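Any read-out appearing in this document is the output of simple, stated calculations on the displayed coordinates, not a laboratory observation. None of these values were measured; they are calculated from a predicted model. Note that we place each Cβ from the backbone using ideal geometry, even for glycine, and neighbour counts take in every protein chain shown.
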Amino acid sequence: MTQTAEKPATQVELLRAGAVATFQFSSPTGVNVFSSGVISSLGVLLERIHNDPSVRFVVLRGVGKTFAAGADIAQMAGFSEDDGEIFAKTGHHVFAALAALPQVSIAAINGHALGGGCEISLACDFRIAVSTAKLGQPESRLGLVPGWGGTQRLAKIVGLAHAKRLMFSGEGVTAEEALRIGLVDEVVPAPADLDAALARWVERLRAGSPAAIRRIKHALAHNDEVKQFAMCFSCSDAREGMAAFLEKRPPSWTNG
């Protein structure tokens, strides 16, 4: 099967507000679905902000009934094995780029996050969900497996036992259950409460040096803590942070 470059029904848009860059998914139906076109578009937009020092926080959110209902089943139904490999590799590449962002990333889960929708949230640093959301990896109920990093990231975040239960059964969990097992970091009552929650998280995380956060993320991903620690001492943020501590004043970060 040859994949065509049709315009996806679901769109992804990059919005900027100060130090926060938001990737917003929307669809005429209110159900956001990830086709190969959507994933490729997201990859292009991620490249745009990766090295932008003015962006400190990245938010992913949906408009409508879902955060993301998962991969485009209608597109996948006609796949050959080669098509499946291309689709999986594209998602892996883009979600790895999301996970590797130097900025802090937060998934604002306004509705169900299933399959690929759950996987993209797993590639973020933090997840905030509305109380009515369900999260899960239902691929086994379609005769499939998570193909965009879910088998690895889910186990790292919630532990192997919970990950096996979710993936083997294909069942979704409520936002409260997701909070209990560590799949999300906060639950808010309704979509209208997400903005206030995001503002709290941004304020909480703003105190940390962006350069230090970038190095912490790198050390977590690559197990090179000693190297990243040593590099701090050629960094203006480290000099400023230690000076501010000794002088008993708030630091002024330059992301250097």
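Couplings 3J(HN,Hα) for the stretch 207-213, derived from phi with the Karplus relation 6.51 cos²θ - 1.76 cosθ + 1.60 (θ = phi - 60°), are 5, x, 4, x, 5, 5, 4 Hz, where x marks Gly and Pro.
Placing +1 on the Cβ of every Lys and Arg and -1 on the Cβ of every Asp and Glu, with no other charges, gives the chain a dipole of roughly 680 debye about its Cα centre. Taking a ≥ b ≥ c as the square roots of the Cα gyration tensor eigenvalues, with a/c under 1.5 meaning rounded and otherwise prolate when a/b beats b/c, else oblate, which class fits the stretch 187-242? In terms of gyration-tensor shape, oblate. Sorting V58, V20 from the fewest to the most surrounding beta carbons within 10 angstrom yields V20, V58. Neighbour counting of Cβ atoms within 10 Å sorts the residues L205, L198, fewest neighbours leading, into L205, L198.
For the stretch 74-88, the Karplus equation 6.51 cos²θ - 1.76 cosθ + 1.60, evaluated at θ = phi - 60°, returns couplings of 4, 6, 6, 4, x, 5, 8, 4, 5, 4, x, 5, 5, 4, 5 Hz by residue, with Gly and Pro reported as x.
Counting other Cβ atoms within 10 Å as a rough exposure proxy, the listed residues M167, M231 run M231, M167 from fewest neighbours to most. When the Cα gyration tensor is reduced to axis lengths a ≥ b ≥ c, the ratio a/c is 1.5 or higher for the stretch 37-111, and with a/b not above b/c it is classed as oblate. With loop membership from DSSP and a limit of 12 other Cβ atoms within 10 Å, the longest segment of the chain without GluC sites (Glu not before Pro) is 7-246.
By DSSP, the beta bridges lying fully in the chain are antiparallel in about 30 percent of cases. Can you list the lysines whose alpha carbon is less than 30 Å from that of K248, not counting same-chain residues fewer than 8 positions off? List returned: K217, K227. The angle separating the long axis of helix 194-206 from the principal Cα axis of greatest extent in the chain is about 40 degrees. Of interest is the spacing of the C-alpha centroids, which for the stretch 193-256 and the stretch 95-113 amounts to 19 Å. Projecting the Cα atoms of S105, T151, S35 onto the charge dipole of the stretch 11-205, computed from C-beta unit charges around the Cα centre, puts S105 farthest toward the positive end. Is the stretch 136-180 rounded, prolate or oblate when judged by the Cα gyration tensor, a ≥ b ≥ c being the square roots of its eigenvalues, rounded requiring a/c under 1.5 and prolate requiring a/b larger than b/c? Taking the square roots of the gyration eigenvalues as a ≥ b ≥ c, the stretch 136-180 is oblate.
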